[in-house]
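Let me begin by presenting the structure, written as structure tokens, before commenting on it.
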Amino acid sequence: FIIVDEAHRADHDPLFKYFRNDAWVIGLTATWLRSGNQKQLGDFYSDIVAVVMPSELIALGHILPSENYVFQAPKLDDIKIDYSSGDYNQKQLQKRFAKAERYAGIIENYQKICPGKKVIVFTTGGDHCVDLTKEFCAAGIKAKYLLSEKKPETDKQYSGERSAVLEELAHGDVNVLVSVEMLSTGVDVPELEGVILDFSTKSYTKYQQCVARPDRPY
């Protein structure tokens, strides 16, 4: 009997060739879709069992309803779609989003809508992530970033070990945590009060995973 967590991700796919043919395999995920040129879940699983709907979880008090605000995305008509991911080309997307005027708009809206609240901001790439963190700090808002890649020139001042930074966020030593996709899946910080999506995507799974980070009751 084998349980695969976060089954929407392709990380576990290579393991299936090692499973016995008579093994029961159950994949768990809140988003049972894959985009782009990946093997779909139907290649590995025979049935979808929706054991509970989000509306039921909200009614039971296990997750929270959201209050939503929209700000204008840049023009994306000329951004290429990557064949493998089925999503926007990240380098082109970062060039379009990493703009000083957008940073100013995000910080203005944070101060207007959720000042002092603990939020995660998802960005389009490493440079975008670091620059936005700097702008939050320059505006007097305690912010740090988490990236999988090393940024020696800024890591010491604006980042740190993942577990330590998440503790700082939980305890209020940091109010804004900026990342790309490192924190989009499997991160449980009940103290989170909001999320800012400073990117565009064609992937429902990516959107759903990111937007659900602060839905735990606390």
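Only one of the numbered conditions (1) without any contact (Cβ under 8 Å) to a residue 24 or more places away in the chain; (2) open to solvent by 50 Å² or more (accessible area, probe 1.4 Å) is not met by residue 23, and that is (2). Of everything in the range 172-190 that's over 21 Å from residue 204 (Cβ atoms) and of a type in the set (A, V, I, L, M), which residue is farthest from the chain's Cα centre (by Cα)? Ranking the candidates gives 174 first. Residue 181 meets each of the listed conditions (1) modelled with pLDDT of 90 or more; (2) in contact with a strand residue (DSSP E or B) (Cβ under 9 Å, 6 or more places away or on another chain); (3) open to solvent by 30 Å² or more (accessible area, probe 1.4 Å) apart from (1).
Looking across 116, 86, one residue alone is open to solvent by less than 40 Å² (accessible area, probe 1.4 Å) and not aliphatic (A, V, I, L, M). It is 86.
For the range 65-75, the condition of being under 23 Å from residue 194 (Cβ atoms), open to solvent by less than 80 Å² (accessible area, probe 1.4 Å) and touching a residue at least 12 places away in the same chain (Cβ under 8 Å) holds for at least one residue.
Table: residues versus (1) farther than 22 Å from residue 203 by Cα; (2) at pLDDT below 90.
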site: 16; (1), (2): yes, no
site: 27; (1), (2): no, no
site: 32; (1), (2): no, yes
site: 39; (1), (2): no, yes
site: 46; (1), (2): yes, no
site: 62; (1), (2): yes, no
site: 69; (1), (2): no, no
site: 72; (1), (2): no, yes
site: 79; (1), (2): no, no
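Scanning the range 138-161 for residues that are more than 21 Å from the chain's Cα centre (by Cα) and without any contact (Cβ under 8 Å) to a residue 24 or more places away in the chain yields 138, 140, 152, 153, 156, 157. Residue 104: modelled with pLDDT of 90 or more, among the small types (Gly, Ala, Ser) and either under 18 Å from the mean Cα position of the chain (by Cα) or closer than 24 Å to residue 144 by Cβ (or both), yes or no? Criteria met by residue 104.
With respect to the conditions (1) hydrophobic (A, V, I, L, M, F, W, C); (2) open to solvent by 20 Å² or more (accessible area, probe 1.4 Å); (3) over 14 Å from the mean Cα position of the chain (by Cα), residue 169 falls short on a single one, namely (2). Counting only strands (runs of 3 or more DSSP E) that fall entirely inside the range 124-215 and contain at least 2 residues that are over 23 Å from residue 6 (Cα atoms), the qualifying elements are 143-145. For the range 2-28, the set of residues classified as assigned to a loop (DSSP other than H, G, I, E, B) and either of a type in the set (D, E, K, R) or at positive phi (or both) consists of 6, 9, 11, 20, 22, listed by residue number.
The values are calculated or read from the model by the stated rules, or taken from the named source; none is laboratory data. Keep in mind that this is a model prediction, so the values were computed, not measured. Here the Cβ is made from the backbone with ideal geometry for all residues, glycine too, and neighbour counts use every protein chain on show. The protein model used for the area step is the full one, side chains on, heavy atoms only, and it has no ligands, DNA or RNA in it. Shrake-Rupley method; radii C 1.70, N 1.55, O 1.52, S 1.80 Å.
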